[in-house]
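Here the structure is laid out as C-alpha cells; the discussion comes afterwards.
Laboratory data are not the source of any read-out in this text; all were calculated from the coordinates shown. All figures in this text were calculated on a predicted structure; none of them were measured in a lab. In this analysis, Cβ positions are derived from the backbone assuming ideal geometry, glycine residues included, and neighbour counts consider all displayed protein chains.
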Amino acid sequence: EQIEKNGYDHFMLKEIYEQPEAIKDTYRGRLRINDGIIKMAGVEDNLEKFLNAKRIIIVACGTSWHAGLVAEYIFEELVRVPVEVEYASEFRYRNPIVGPGDVVIAISQSGETADTLAAIKLSKEKGAFVFGVCNVVGSTISRETHAGAYTHAGPEIGVASTKAFTTQITVLTLIALKLAKSTGKITNSEFHNYLAEMEVIPNKVEETLKSDEHVAAIADIYKDAGNCLYLGRGYNFPVALEGALKLKEISYIHAEGYPAAEMKHGPIALIDEQMPVIVIATKKGHYEKVVSNVQEIKSRKGKIIAVVTKGDKDVSALADHVIEVPETDELLTPLLTTIPLQLLSYHIAVMRGCNVDQPRNLAKSVTVE
Ligand code: G6P
C-alpha cells in the first residue's frame, strides 16, 4: 500500500496532487488545438441527438452531482440549452417527465452507483438518449448507457472524491464547447481561446497546489471549528457545495455550502466570531456582489477565508486569510478554486486524527439503493 501511495501519507493527498496529470489525461487526444477541434467519438456519433435535444437532464449522486451542477452553468452559458440536474435517487422515485428527444447525462466515478444506474434504466425505458460520464472503464454504467466519455482520471482510492470531480468537469466542459461550436453558439475565435485556456489549466492547477503549506496553516487555526460555511456564486456555487461536502465527509465537521447571495435568507443568522466562512471570490463572477457579502460577514465578526484571483485587493483587504488562484476564464475557475478546498479538508481531517481515506460510515461506491 505504501508503494501505491507513492510517498504520500494518504491516497486522498496523492489524488489531489495527481490532478494536473489527470486533467491532461482527460483532454489528451481530444483537445486538438492545431486542428481547431475537440474530438469525442461518443458525442460525434450522436451529434444530432445532442443538437436536437429540447433539454439535457443530468443525473448523479454525491460529488458527481456537484460536477453536474457546474456543468449546468457551463452548458446553459455556452450551448444555450436548458439543463436540469437531478439527484439520481430523487429522479427515479418520482415518475419523472423524460422521454424521446431528451438527452440524459449520467455522471459516475465508479460507474456502479445503484441509484444512478436505476435512473439510467428508467430514462432508457422512457425513450431518452443516455450518455455516461464514468471513470472506471468497463463499469456497469459505462455499459448500460447508449454512449459516453471516460474521464481517464486513473484509479481513485480515497473515498472522498477529488480528481474524479475535476476530470468530470473537464469532460463536461469539452462536450459543452464541442456542442457550442457545432451550433455556432460561440465564434471560432472564442472556441479557440477556450481551447488554449483549457490546455494551460493543468499548469494553473499545479501552481494552485503550491498553496498547500499556507492552506495547512489555515487548517491548523480552524481544525476545532464546530461548523463551517462555504459560499460561492455562479460557477463557484457548486464548488462551495463540494467544499462543504469534503469537510463533512472526512473531518466530521458540520459544513454547509450556500449561494453567497442566499446567505441573507438564513445562514447569516449563524455568523459570529466562532464561524469560519470560506468564500470563493474570484474576479468576474459578480465580484462586487461577493465583496458586499464578505462585508456582511465581517461586520458580524465571522472569520473569512477567501479564495481569490491572484493580485486581488478588495476581498483580500477584508478577509482574515487569503488563498490565491491564478487567473483563468470564469467558466474554468471551478477547476482551480476546488483545489484549496480539497487541501483544507484534507489537512483539517489529518489534524483531527480522522481516517482520511476511509471515513466512517461512507463507501467509495454505493451499490445499495
Ligand atoms: C459515494 C462516494 C462519493 C461519490 C458518490 C457517487 O457517496 O463516497 O465520493 O461522489 O458515491 O459515486 P459515483 O461513483 O457514482 O460518482
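With a Förster radius of 25 Å applied to the beta-carbon distance between Glu90 and Asp272, the computed FRET efficiency rounds to 0.15.
Converting phi to 3J(HN,Hα) with the Karplus coefficients 6.51, -1.76 and 1.60 and the offset θ = phi - 60°, the range 121-133 yields 4, 4, 5, 5, 4, 8, x, 7, 8, 10, 10, x, 10 Hz in sequence order, with x at every glycine or proline. Sequentially through the range 14-27, phi angles give Karplus couplings (6.51, -1.76, 1.60; θ = phi - 60°) of 4, 6, 4, 6, 7, 4, x, 5, 4, 5, 4, 4, 5, 8 Hz, Gly and Pro residues having no value and appearing as x. How tilted is helix 212-222 with respect to the longest principal axis of the chain? Cα atoms for both, answer in degrees (0 to 90, nearest 10). With rounding to tens, the tilt is 60 degrees.
Please work out whether the range 37-158 counts as rounded, prolate or oblate from its C-alpha gyration tensor, where a ≥ b ≥ c are the square roots of the eigenvalues and a/c under 1.5 means rounded, while otherwise a/b larger than b/c means prolate and anything else oblate? Since a/c stays below 1.5, the shape of the range 37-158 is classed as rounded.
Rg and Dmax of the range 244-327, based on Cα coordinates, read 12.5, 33 Å. Stretching the chain fully between His254 and Gln295 yields a gain of 12.4 nm (0.36 nm per residue, less the alpha carbon separation). The amide H of Ile278, built 1.01 Å from its N in the peptide plane, has Leu229, Tyr230, Leu231, Ile305 as neighbours under 5 Å, considering only residues 5 or more places off or on other chains.
Helix content alone sets the calculated 222 nm mean residue ellipticity of the chain: runs of n ≥ 4 DSSP H residues at -39500 (n - 2.57) each, divided across all residues, give -14000 deg cm²/dmol.
Determine, from the Cβ-Cβ distance of Glu206 and Ile33 and an R0 of 22 Å, the FRET efficiency 1/(1 + (r/R0)^6), rounded to the nearest 0.05. Once the sixth-power term is evaluated, E becomes 0.70. In whole Å, what is the distance between the alpha-carbon centres of the range 236-294 and the range 58-122? What the calculation gives is 24 Å, centre to centre. What the phi angles of the range 330-345 give under the Karplus curve with 6.51, -1.76 and 1.60, with θ = phi - 60°, is a coupling list of 3, 5, 9, 4, x, 5, 9, 5, 5, 4, x, 6, 4, 5, 4, 4 Hz, glycine and proline written as x. Remark: the Gln2-Asn188 segment gains 62.2 nm on full extension, using 0.36 nm per residue and subtracting the alpha carbon distance. If a/c stays under 1.5 just call it rounded; otherwise compare a/b with b/c (prolate if a/b is bigger, oblate if not). Do that for the range 234-275, with a ≥ b ≥ c from the square roots of the Cα gyration tensor eigenvalues. Since a/c reaches 1.5 but b/c is at least a/b, the shape of the range 234-275 is classed as oblate. The H on the amide N of Glu156, modeled in the peptide plane, is under 5 Å from the matching H of no residue at least 5 residues off or on a different chain. Putting +1 on Lys and Arg Cβ atoms and -1 on Asp and Glu Cβ atoms, find which of Leu245, Val294, Ile105 reaches farthest to the positive end of the dipole of the chain. Farthest towards the positive end: Ile105. Listed by chain and number, the lysines placed with their C-alpha closer than 17 angstrom to that of Lys313 are Lys283, Lys284, Lys289, Lys298; residues fewer than eight positions away on the same chain are left out. The spacing between the range 303-323 and the range 153-175, judged by their C-alpha centroids, is 27 Å.
Under unit Cβ charges (Lys, Arg +1; Asp, Glu -1), what dipole magnitude, rounded to 20 debye, does the chain have relative to its Cα centre? Could the numbers behind the result be given before it?
Numbers: 40 positive and 49 negative charges, 128 e Å.
Charge dipole, the chain, about its Cα centre: 620 debye, nearest 20.
Pairs exceeding 23 Å between alpha-carbon atoms, taken from Lys124/Lys364; Lys49/Lys178; Lys223/Lys246; Lys24/Lys210; Lys49/Lys126; Lys39/Lys246: Lys124/Lys364; Lys39/Lys246.
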